[in-house]
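Just below is one structure, and these are the notes that go with it.
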Amino acid sequence: MIPMNRKTNDPVPCNELALKIKLDFPLLSREMAGKKLVYLDSTATTQKPQVVLDAELKYYQETNANVHRGLYTLAEDATTQYEQARMKVAEFIGAQYEEVIFTSGTTSSINMAARLLEPLVKEGDEIVITIMEHHSNFLPWQQLAKRKKCVLKIIPITKEYGLDMAAAQKIITSKTKIVACTYVSNVLGTINAVGEVIEMAKRVGAYTLIDGAQAVPHMMLEVKKLGCDFLAFSGHKMCGPTGIGVLYGKRELLEKLEPVVFGGEMVKEATLHTLSWNELPWKFEAGTPNIAGAIALGTAVAYIQEIFTLQMQEHLGDLTKYALAEMQTLPGLQIIGPRGEEMEKGEKIERIGVISFTMDCAHPHDIAEILNSHGVCIRAGHHCAMPLHTTLAIPATARVSFYVYNTKEDVDALMRGLRRVVEVFA
Ligand SMILES: Cc1ncc(COP(=O)(O)O)c(C=O)c1O
């Protein structure tokens, strides 16, 4: 969790730390539009440190061979490195080694979980999600509900952009079979009380999936403390490569579930008409995996473990607070998410540095374009959360998001760009 309530006159006192970390990321030294690039779209994907780039290249240059197959040294080395990466990821989220399934990312993890749970739901059962879900944690459940004639129920948000826990209490009932909820909203930045949601689900015997795409990179979470059945996340949002992600599943449940993808690797014995599957976790990893990606994700995890100190968490909190305060000085700018005053509630922190906003004078696409001409990269659109935008009656928002390499100077560059937006359009 990010402590936001330190008393200091400097709005971003740990800035030096981020300035140093920025040097680890080669892309961040490039120019854009004749200006130093300012990358404020880490919610979409983070930049990659040199160590991660090196790890991927080193695998292809020195070890490239398929895993779990060859008996020669190269193949054994590839298998060892791949499985060591799994070990690092398991340790990072406090899971057992067998509970970490490599996938191509959060989207494929959640789709797989929905397919795995499909035989366990029947007509009339209820599946509960929230209105703030990314399409990746909305559509797989919507489609499962359609296939199995289940009822899809949706937990709303409050006017403060938090999850409506009172509504959740009423929506999760004995009919509920699955509860799928994001830990952190990729639009609002809100950190949900997923522990409470999981408790509600457990009380009625429902399976739980947490979308950790935005949480795992920002919080040192432990799955055993959380108590969820599944956790999904992506490597590319935490300094790792694209095309690699994780589906964590509770061992007892994974042992019970049958695979949904068939092919090489997942099978122990195949005959003309039958098959018996491999042990966990390989029973859910059919085909050649993204070996280089997994190895580089292991490196990314080690990198984050080293730099994501308490001081770094304070820095990201300070940066968010600073940006929120500065942005709200602009006329006609609305923050779509917790605004800042909610962030000072003692220990209880409710948001991360994902700030969506609108401006009365300009469309989000125009805002992004002006900022681009200042070398500042932000996202504009519905951020793959159309049901949320429809509920808020906002067609699109602009969004800035921070990660470990962002500095006070980045926020200042953002503000110069936003002031220009006001000059051009107001
Ligand atoms: C909360 C959330 N869930 C799921 C996803 C999908 O992740 P991926 O595209 O890596 O599968 C994202 C991506 O932005 C996200 O922010």
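Odds and ends about this structure:
- Counting only protein heavy atoms and a 1.4 Å probe, the chain has 41 square angstrom of accessible area per residue.
- Mean-position separation - Cα centroids, the stretch 261-308 and the stretch 59-76, in angstrom: 15 Å
- Protection proxy ranking, peptides 204-210, 328-334, 19-25, average beta carbon neighbours within 10 Å, highest first: 204-210, 19-25, 328-334
- For M32, residues with placed amide H under 5 Å, excluding near neighbours: L37
- Along the chain, longest interval not containing exposed GluC sites (Glu not before Pro), exposed being DSSP loop plus at most 16 other Cβ atoms within 10 Å: 1-122
- Oblate is the label for the chain, because a/c, from the alpha-carbon gyration tensor with a ≥ b ≥ c as root eigenvalues, is 1.5 or above and a/b does not exceed b/c.
- Shape of the stretch 53-304, Cα gyration tensor, a/c cut at 1.5: oblate
- Value of relative contact order over the chain, rounded to a whole percent, pairs C-alpha under 8 Å and six or more apart: 24 percent
- Cα centre as origin, Lys/Arg/Asp/Glu Cβ charges: the stretch 215-289 dipole, Debye: 260 debye
- Length-normalised contact order for the stretch 53-304 - Cα pairs under 8 Å, 6+ apart - percent: 25 percent
- Sites matching chymotrypsin sites (Phe, Trp or Tyr not before Pro) across the stretch 246-328 that sit in DSSP coil, with at most 13 neighbouring C-beta atoms within 10 Å: F262
- Put a plus charge on the Cβ of each Lys and Arg, a minus charge on the Cβ of each Asp and Glu, and nothing anywhere else: the dipole of the chain about its Cα centre is then about 820 debye.
- Protein heavy-atom surface of the stretch 53-304, 1.4 angstrom probe: 54% of the accessible area is carbon and sulfur, with nucleic acids and ligands not counted.
- Rel. contact order, % - alpha carbon contacts under 8 angstrom, at least six apart, the stretch 349-409: 43 percent
- MRE, 222 nm, helices only [DSSP H, n ≥ 4, -39500 (n - 2.57), over the chain, to nearest 500]: -11000 deg cm²/dmol
- Summarising the strand pairing of the chain, around 60 percent of its internal DSSP beta bridges are antiparallel.
- Three-way shape call for the stretch 33-175 based on the alpha-carbon gyration tensor, with the a/c threshold at 1.5: oblate
- 5 angstrom amide H check on T182, placed H, neighbours 5+ away: T130, D211
- Between the stretch 85-128 and the stretch 378-426, the Cα center-to-center distance that results, in Å: 31 Å
- The residues M220, M359, sorted by heavy-atom accessible surface at 1.4 Å with ligands and nucleic acids left out, run M220, M359 from largest to smallest.
- In terms of distances greater than 18 angstrom between alpha carbons, the cross-link table entries K122/K224; K202/K224; K175/K256; K122/K149; K88/K224 yield K122/K224; K175/K256.
The values are calculated or read from the model by the stated rules, or taken from the named source; none is laboratory data. This structure is a prediction, so every number in the text was calculated from the model and none was measured. We place every Cβ from the backbone using ideal geometry, glycine too, and count neighbours over all the protein chains shown. In case anyone asks, the SASA skips ligands and DNA or RNA and just uses the protein heavy atoms, side chains included. Shrake-Rupley method; radii C 1.70, N 1.55, O 1.52, S 1.80 Å.
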